[in-house]
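Taking it in order: structure first as structure tokens, then the write-up.
Every read-out reported here was derived from the displayed coordinates using simple, explicitly stated rules and does not represent laboratory data. Small disclaimer: the values here were computed from a predicted structure and weren't measured. In this analysis, Cβ positions are derived from the backbone assuming ideal geometry, glycine residues included, and neighbour counts consider all displayed protein chains.
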2 protein chains.
Amino acid sequence: MTAHVHNHAALTKNQALVFGELSKAEGPLSAYTILDQLRSEGFRAPLQVYRALDKLVEFGMVHRLESLNAFVACSHKDCEAHSAAAFAICEKCGQVTELSDAKLDDRLRELAEATGFALTKSVVELRGICADCKAA
Amino acid sequence: MTAHVHNHAALTKNQALVFGELSKAEGPLSAYTILDQLRSEGFRAPLQVYRALDKLVEFGMVHRLESLNAFVACSHKDCEAHSAAAFAICEKCGQVTELSDAKLDDRLRELAEATGFALTKSVVELRGICADCKAA
DNA sequence: TACGCAATGTTATCTTATAACATGACAGCA
DNA sequence: TGCTGTCATGTTATAAGATAACATTGCGTA
């Protein structure tokens, strides 16, 4: 499991456990799903998961999907390299694809600037059917 | 209060009540806030609100803000006129501005097409500080 | 050792959303 | 008139997501 390399301070035990679950998952996981999967590791309360997730999101290693109330591991080697992320979420199979697009980011920045809005974060989530499911 | 004109079948009583609350609100409201405001009208359960909201969203008269778990009345006269909507959400005052931008929509469509993704809906929510709050 | 700080653990509670089932209102038609 | 289908409503209970408040532990450093 060396898909992710991050130059942050070493993760704490709980952060590492939560990140591990997200990394080996096919798609997004809810906080409570993670909790259940980590009960065997001694997890007992939602807060143990939420606290770890908060940090991981802060580090940029995990993204929160607002329209799903769920979380995914970042698909980039070094998550600091990309600014904003967009996601394509398949409503059939649940698969999530992370997209990075400079033109999109530029346009969002322009829109914000045009109205004097100081952008801190952008949420872009495309809902639909992925190519695989469409073919099937 | 004639800010909104819609060519849909007349709203039912509950739909009209919920839409009324959203229309006169300054910003987005949560389903439970709406419920509390409509208790005087006889509302007793969340489902009464959620059912009305589902229809209003379907009609395009109300938008759901995924990153807030809240709802706003559409700011356009005829909500069918615009395809996708983007929102700028001020994290200081809570104000929400609805944006319609063809270039943004085009770019999102291009991104979807490039990966064979069949787009049904796009969620775009900009988080930051609005011009007014920045000035203050 | 003693202090400070960050991570952790624990209990309770709050907020958001839906399932399941019962009732009411009304239109169309035999 | 009485039947039937359908849509809106009402009601109770519960699921799912998130946080508040407070206690405890582990560890580096003065």
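Once the Cβ-Cβ distance between A:THR33 and B:THR33 is put in as r, and R0 is 22 Å, what FRET efficiency do you end up with, to the nearest 0.05? Result of the calculation: an efficiency of 0.15.
Highest GNM mean-square fluctuation among A:LEU17, A:LEU111, A:LEU126, for chain A modelled with Cα contacts below 10 Å: A:LEU111.
Within the protein assembly as shown, antiparallel bridges make up roughly 75 percent of the DSSP beta bridges whose residues both belong there. Of all the options B:VAL72, B:VAL123, B:VAL62, the one that moves most in a Gaussian network model of chain B with Cα springs shorter than 10 angstrom is B:VAL123.
For A:PHE71, nonlocal amide neighbours, meaning residues 5 or more places apart or on other chains whose placed amide H falls under 5 Å from its own, are A:LEU29, A:SER30, A:LEU65. For B:ALA136, the point set 7 Å out from Cα toward Cβ sits 5.0 nm from its twins in the other copies, listed from shortest up. Per residue, the convex hull spanned by the alpha carbons of the stretch B:82-136 comes to 85 Å³. On the rotation that sends chain A to chain B, the chain A Cβ lying closest to the axis gives residue and distance in whole Å as A:GLU66, 2. Counting Cβ atoms of other protein chains within 10 Å of each Cβ in B:14-27 and taking the mean gives 0. Helix content alone sets the calculated 222 nm mean residue ellipticity of chain B: runs of n ≥ 4 DSSP H residues at -39500 (n - 2.57) each, divided across all residues, give -11000 deg cm²/dmol. Among B:SER67, B:SER40, the order by Cβ neighbours within 10 angstrom, fewest to most, reads B:SER40, B:SER67. Give me the base-10 log of I(q)/I(0) for the protein assembly as shown at each q in 0.13, 0.15 Å⁻¹, Debye formula, one uniform scatterer per Cα, rounded to two decimals. Debye output, listed in q order: -1.00, -1.25. Among beta bridges from DSSP that stay inside the stretch A:82-136, the antiparallel ones total about 45%. If you wrap chain B in the convex hull of its Cα atoms and look at it from every side, the mean projected area works out to 9.8 nm².
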